[in-house]
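Coordinate-derived values only; no laboratory data. Since this is a predicted model, take the numbers as computed values, not measurements. Cβ atoms come from the backbone with ideal geometry, glycine included; neighbour counts cover every protein chain shown.
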Amino acid sequence: MPVKFRELPVSIQIGFGLTLLSSWVLFEEVVVDRTGLARLMPAYGVGTFCIWDIGALVAVLALVWLLRSRR
């Protein structure tokens, strides 16, 4: 029987969100910063917190909220 996301302990839900955020940071470090893709991304700050990080944070929070509220 599948377990719904909202039935999981809060610590697991938080861990899921942190894993997604860590994946974004790793993608930034390995792909964006090292390949020079940052020059094609407006308002991107290499090695600093920028609008792209805020967007990733909002997307992860929205995904976790959506998974928690599904019936």
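Can you tell me which residue is farthest from V3 (Cα to Cα) among those in the stretch 17-71 that are assigned to a helix (DSSP H, G or I) and aromatic (F, W, Y)?
Top of the filtered list is W52.
Only one of these is of a type in the set (S, T, N, Q) and over 14 Å from V60 (Cα atoms): T19, T35. Name it.
T35
Every residue in the stretch 2-11 that is part of a helix (DSSP H, G or I) and surrounded by 11 or more Cβ atoms within 10 Å (Cβ to Cβ), please.
F5, R6 - these are the residues of the stretch 2-11 that are part of a helix (DSSP H, G or I) and surrounded by 11 or more Cβ atoms within 10 Å (Cβ to Cβ).
Is there any pair with a first residue in the stretch 1-30 that is over 30 Å from M41 (Cα atoms) and touching a residue at least 24 places away in the same chain (Cβ under 8 Å) and a second that is among the polar types (S, T, N, Q) and assigned to a helix (DSSP H, G or I) whose Cβ atoms are under 9 Å apart and which are 6 or more apart or on different chains, and what are they?
So the pair list comes out as F5/Q13; R6/Q13; R6/S69.
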